[in-house]
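The next block holds one structure in the form of structure tokens; read it before the comments.
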Amino acid sequence: MVVTASDSSPSSPAEPKRRREGWSSIFLRVRDYDLAATLDSGQAFRWQPCGDSWLGIIGRRRVRLTPMRNGIRAETAGPVADWQWLRDYLQTEVDLDAVLKTFPDDAPMRDAVAACCGLRVLRQDPWECLASFILSSTKQIVQIRQIVALLCERFGEPINRCNVEPVVRLDSATGRTLQFAFPSPEKIAAVTEPELRACKMGFRAPHLLAAARQIADGKFDLERLRHLPQAEAREELMKLRGVGAKIADCVLLFAYGFDGAFPVDVWVERALRELYFPRRRVSAKRLRHFAATHFGPHAGYAQQYLFHYMRTKRS
């Protein structure tokens, strides 16, 4: 369902008629926001559909998001004085039309935008984003969700549940529930590699452990990356064990808002080869140069449209 702003009133037939006891809510007015595409497009791994809504964890808050005809209804347990954290996470204040106008005017990009209308790029916590993408190496999205669910269940701090909120399973195959915050670097740094491997992360365990220990010991400053040029921030991230170009670009794009970052995974490489260089043999170096020069200042946004288009519309 694509959110639009055609009506001046936030009310809609789909809007919940009862307010859950102990929960705060807000209506975020936003045009052209496809909540399902945004939350289910491989950017973040802790969102689960629940009827017409999406349930997930942002920091230490359980959040329910419901797409409406003219915005998004958001609910979270407990009082909320300022909702800017949610606007920032969802990037509801971004002028999507202005972003789309910077895309190259070619057939593949037009097709991807038409197929994924309303797709946004999230702004996530840097540590959770980094850790999640370290765990993503050679894994499919459903598998990443399972690993992250186990990691949070075993090492994350419990989130107090509102007694009227039903338990919602993260994934029918895992049976893990959204009851835990993402574990901090300090928490991960204090556990052993075998304990991490028990979360089904395999060879990724020592990578995650090394990154957590460097951050917990103050040897790597995630906050500092915000103030660096994109190329320098990318270089710094790639000094971490298990972080290559693709993972670094994902973190730059999804956590720090470097819109020029263009992660290239198997889906995006396939998109570039099939849509832009059909029936031609193109080297990986040529593809990287093309990706770096063709898609404009918001190349990362373009990448996300191509990724979601290939994964859901052309696969």
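The values are calculated or read from the model by the stated rules, or taken from the named source; none is laboratory data. The shown structure was predicted, so the numbers you read here are calculated from the model rather than taken from an experiment. When we count neighbours, we look across all protein chains shown, and the Cβ atoms used for this are built from the backbone with ideal geometry, even at glycine.
Whether any residue in region 279-294 is surrounded by 17 or more Cβ atoms within 10 Å (Cβ to Cβ) and within 23 Å of Leu96 (Cα to Cα) is what I want to check.
At the first step, the residues of region 279-294 found to be surrounded by 17 or more Cβ atoms within 10 Å (Cβ to Cβ) are 287, 291.
Retained after the next criterion (residues that are within 23 Å of Leu96 (Cα to Cα)): 291.
Within region 279-294, one or more residues are surrounded by 17 or more Cβ atoms within 10 Å (Cβ to Cβ) and within 23 Å of Leu96 (Cα to Cα).
Working carefully through the options Pro185, Pro206, find the one that is in contact (Cβ under 8 Å) with a residue 24 or more places away in the chain and under 17 Å from Thr138 (Cβ atoms).
Going through Pro185, Pro206 in turn, the sole match is Pro206.
Of everything in region 150-174, what is farther than 17 Å from Trp47 by Cβ and either part of a loop (DSSP other than H, G, I, E, B) or modelled with pLDDT under 95 (or both)? Give them in sequence order.
The initial filter retains those residues of region 150-174 that are farther than 17 Å from Trp47 by Cβ, namely 154-155, 157-158, 160-164.
Residues satisfying the conditions are Glu157, Pro158, Asn160, Arg161, Cys162, Asn163, Val164.
Checking Ile215 against (1) under 28 Å from Asp88 (Cα atoms); (2) within 20 Å of the chain's Cα centre (by Cα), only one condition comes out false. Which one?
(2)
Condition first: buried (at least 18 other Cβ atoms within 10 Å of the Cβ) and among the small types (Gly, Ala, Ser). Now tell me which residues in region 227-259 satisfy that.
Answer for region 227-259, where residues must be buried (at least 18 other Cβ atoms within 10 Å of the Cβ) and among the small types (Gly, Ala, Ser): Ala233, Gly242, Ala248, Ala255.
Could you tell me which numbered condition Val266 fails, if it satisfies all but one of (1) within 15 Å of the chain's Cα centre (by Cα); (2) of a type in the set (Val, Ile, Thr); (3) surrounded by fewer than 23 Cβ atoms within 10 Å (Cβ to Cβ)?
Result: Val266 passes all but (1).
Go through (1) under 30 Å from Pro185 (Cα atoms); (2) hydrophobic (A, V, I, L, M, F, W, C); (3) crowded, with 17+ Cβ neighbours inside 10 Å for Ala271 and report which single condition fails.
Here Ala271 meets the rest and fails (1).
Within the group Arg213, Arg281, which residue is closer than 16 Å to Glu128 by Cα and among the charged types (D, E, K, R)?
Values: Arg281 fails: closer than 16 Å to Glu128 by Cα.
Answer to the check: Arg213.
Six or more apart or on different chains, Cβ atoms under 7 Å: show the pairs whose first residue is in region 101-118 and buried (at least 16 other Cβ atoms within 10 Å of the Cβ) and whose second is among the small types (Gly, Ala, Ser) and in a loop (DSSP other than H, G, I, E, B).
Between residues of region 101-118 that are buried (at least 16 other Cβ atoms within 10 Å of the Cβ) and residues that are among the small types (Gly, Ala, Ser) and in a loop (DSSP other than H, G, I, E, B), the close pairs are Phe103/Gly296.
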